[in-house]
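Colleague: One structure coming up, written as structure tokens, with questions to follow.
The values are calculated or read from the model by the stated rules, or taken from the named source; none is laboratory data. Just so we're clear, the structure is a prediction, and the values are computed from it rather than from any experiment. Using ideal geometry, Cβ is built from the backbone for each residue, glycine included, and neighbour counts are taken over all protein chains shown. Protein only, heavy atoms only, side chains kept; ligands, DNA and RNA dropped before computing areas. Shrake-Rupley method; radii C 1.70, N 1.55, O 1.52, S 1.80 Å.
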Amino acid sequence: MSEPSSGDLVVLVADVNMEFLFRGLLVREKSLRIRRINAAVFRHPRKDPGCLSFGYDFLRPYVNKFAHGLIVFDREGCGVETLSREELEDRVERLLVQSGWNDRAKAVVIDPELENWIWSKSPCVDRALGWSGRIPELRTWLVSEGLLAAGEAKPRRPKEALESALRLVREPRSSATYRAIAERATMRGCSDPAFLKLVSVLRGWFHSDQYTA
């Protein structure tokens, strides 16, 4: 897919699933309460560790071509799991400042991993994972399998829970699944700190009075 050479936002992500999720998410101006933006999304060839240690250098050529930059990766698998999500974000943001972005770029580290954003209570999650109409319904099954604690919003091991749910219904784990959920799942009630930071950053940069209700 051809990316714009300049625009409002350049996003560097760790893998193809994250790329597709952002392609689905960034077109939801009304839900995000932002104006329409012109965005480019790239993947770092070295995945999470690459985003952490070399993401600032990857984005350096875009400093004067895009208004804002964003680096997004998983805490689990980045190679420095001894640091907290906030410490990792701070490290990357300091490198971005030094590389010329100043305050125009941010880092979002998902703890533990991207699949934590998949597990909303939206019915579209069941549909995207091939669970529509099944008995028991998906979240009940997750609890029965010990993959989700009763009363909790998300599984403790989100990727393992996703893979187990797909395996049972013989559905492949594909990037299209991530995009489908990102395009349709409700954002109301989401409590994931990394996702909340992402939304706050996007609204700060691209706020639209059209979607304030």
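Residue-by-condition table, conditions (1) in contact with a Cys (Cβ under 6 Å, 6 or more places away or on another chain); (2) touching a residue at least 24 places away in the same chain (Cβ under 8 Å); (3) small (G, A, S):
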position	(1), (2), (3)
T82	no, no, no
A105	no, yes, yes
N116	no, yes, no
S120	no, yes, yes
G130	no, yes, yes
A153	no, yes, yes
R156	no, no, no
A161	no, yes, yes
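Colleague: A further question on this structure: Tell me, which residue of segment 10-42 that is out of contact with any strand residue (DSSP E or B) (no Cβ under 6 Å at 6 or more places or on another chain) and not in a helix (DSSP H, G or I) is least open to solvent (accessible area, probe 1.4 Å)?
Modeller: Only one residue fits best here, namely I34.
Colleague: Please verify whether S120 is within 20 Å of the chain's Cα centre (by Cα) and either modelled with pLDDT under 95 or of a type in the set (K, R) (or both), treating the condition exactly as stated.
Modeller: So S120 passes the test.
Colleague: Here's a follow-up. Just the residues that are open to solvent by 20 Å² or more (accessible area, probe 1.4 Å) and of a type in the set (S, T, Y), please, taken from segment 69-123.
Modeller: Scanning segment 69-123 gives T82, S84, S120.
Colleague: For segment 44-67, give me each residue that is over 19 Å from G100 (Cα atoms), among the charged types (D, E, K, R) and open to solvent by less than 80 Å² (accessible area, probe 1.4 Å).
Modeller: D48, the sole residue that qualifies.
Colleague: May I ask you to list the residues in segment 157-193 that are within 20 Å of the chain's Cα centre (by Cα), assigned to a loop (DSSP other than H, G, I, E, B) and surrounded by 13 or more Cβ atoms within 10 Å (Cβ to Cβ)?
Modeller: Of everything in segment 157-193, those that are within 20 Å of the chain's Cα centre (by Cα), assigned to a loop (DSSP other than H, G, I, E, B) and surrounded by 13 or more Cβ atoms within 10 Å (Cβ to Cβ) turn out to be R157, R173, S174, A185, T186, M187, C190, D192.
Colleague: Could I ask something else about it? Residues of segment 194-208 being open to solvent by 10 Å² or more (accessible area, probe 1.4 Å), in a helix (DSSP H, G or I) and touching a residue at least 40 places away in the same chain (Cβ under 8 Å), which ones?
Modeller: F195, K197, V199, V201, R203, W205
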